[in-house]
1. Name the long-range amide H neighbours of Ile186: under 5 Å, sequence gap of 5 or more, or other chain; modelled H, no Pro or chain starts.
2. Show which lysines lie in cross-link reach of Lys240 when reach means a straight Cα distance below 23 angstrom and same-chain residues fewer than eight apart are skipped.
3. Which of Ser215, Ser293, Ser360 moves the most in a Gaussian network model of the chain with Cα springs under 10 Å?
4. Tell me, how many Å apart are the Cα centres for the range 84-142 and for the range 30-66?
5. Using a Förster distance of 30 angstrom, determine the FRET efficiency expected from the C-beta separation of Ala313 and Asn395, and round it to 0.05.
6. Tell me which residues come under 5 Å, amide H to amide H, from Ala71 once H is placed; ignore anything under 5 positions away on its chain.
7. Where Rh is the Kirkwood radius over the Cα pairs of the range 115-290, the temperature 10 °C and the viscosity 1.306 mPa s, what D in µm²/s does Stokes-Einstein return?
8. For Gly208, which sequence-distant residues (separation of 5 or more, or a different chain) have an amide H within less than 5 Å of its own amide H, given hydrogens modelled in the peptide plane?
Amino acid sequence: MKTQILPALPGHPHIAYVDTSLHIEQVNASAIAETFGTPTYVYSRTAIEQAARQYMDAAARSPVKVALRYAVKANSTLAVLQVLARQGWGFDIVSGGELQRVLAAGGEAGKVVFSGVGKTAAEMRLALDVGVECFNLESPNELAVLNRVAQQAGKVAQVALRVNPDVDAGTHPYISTGLKSNKFGIAQEQAVALAMQTALLPHVRLVGIASHIGSQITSVEPYLDALDKVLDLVEAMERKGAQIEHIDLGGGLGIRYSHETPPTPQDWLAPLLARIAARGFGHRTVMVEPGRSIVGNAGALLTRTLYLKSTPAKHFAVVDAGMNDLIRPALYEAEQVVAPAEVRTGLALHYDIVGPVCESADWLARDRALVLEEGDLLAVLSSGAYGMVMASNYNSRGRPAEVLVDGASTHLIRPRETVEQLYASERLLP
Ligand code: LLP
């Protein structure tokens, strides 16, 4: 029960209040909602480029060669990929679909690494045909299939072994990948033998080692632990005659959603590169695959309040975006800042911000102090990563529009999906 003060938005560069109106770069959020409707994802091009630039600067300063590969899964909209391709980034993909997106956006196949635990033979063939730089392999059987597919294609596939270093990344269990109990990676005990096996196969060439321990990680320590284990394996493999040309550190650097204080890309990369150099591997290429830390805080989901509803238990703000549009709160209990587009003064109530989908898990935020009226526009911040890419059509809801702001210009980069598009390919019975 207090007067609302203008919220500070730390960690959200280029999304800020000008007077009492929320702006994305120079564009008023309310104007975007007027023009394009809601719910709409809006991204700041400058914020994406600046986050990418932090990695590029760290790479440029390092004596160790660093190859930057954006993890497409975080946000795969063509215009977003295009922004990064134009900055010279390569890409980390996990499906043939992501590969086609990268190519459609102007990315170079020769700077694409193909990750993922379940690549199909058809996806491998596509990747070989366009000439991706490396397949990150996760099992002996996958190695055998790739060798066969490469033989059929008359090619030699470059491969890295993704090992599971068994470290606790200290993140949500659903987004932790580097524990023994996770499905990801090759067990350390099996990695050297598998490296030896690749030498016997004529259509694969072992060039690298990879690990990815999880996502939304907010300290460097688990990475250093994983790196030491990875470098131990490189030493063991090379003692047996293998030659490991690159070391892929994966992605996973966290962002500030509300109170987290993750290291900057520079502060994350510097100690890892220093450790690699100190252990005598400074002449290898180091690959990194960041996703969230490039796009996460460059995006917001704009949604309009449909109804304010108070029960004896709670105050609810029912908004027009639901868990089908942004699933992170429902799936990971993610806490994302909700900022009003126009700040009102008056009596703040504590609202649960919920969507129109018929599920009790359909909430975007809980217990937020806001001064609200029906029709008010809200922005769910930190929605640039794992937002639109995880959106679904549940309840026959078309997915949101996407808008990219560049200075004072606004570009509609994906129109709102229509219901007709949802059932366009369906067939009625005869
Ligand atoms: N490389 C590999 C092999 C990955 O599996 C991932 C993410 C990345 C790179 C990029 O990680 P990032 O830098 O974005 O943390 N949907 C979840 C996140 C799942 C991440 C899966 N793998 C969420 O919304 O939190």
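Throughout, read-outs are computed from the coordinates displayed, never taken from laboratory work. Just so you know, these numbers come straight off a predicted model, no measurement behind them. Neighbour counts run over all protein chains shown; Cβ positions are idealised from the backbone, glycine included.
1. Arg162, Val163, Asn164
2. Cross-link targets: Lys229.
3. Highest fluctuation among the options: Ser360.
4. Cα centroid to Cα centroid, the span is 22 Å.
5. So, using R0 = 30 Å, E works out to roughly 0.75.
6. Asp92, Gly291
7. 96 µm²/s
8. Under 5 Å from the amide H of Gly208: Val159, Ala160, Leu161, Glu245, His246.
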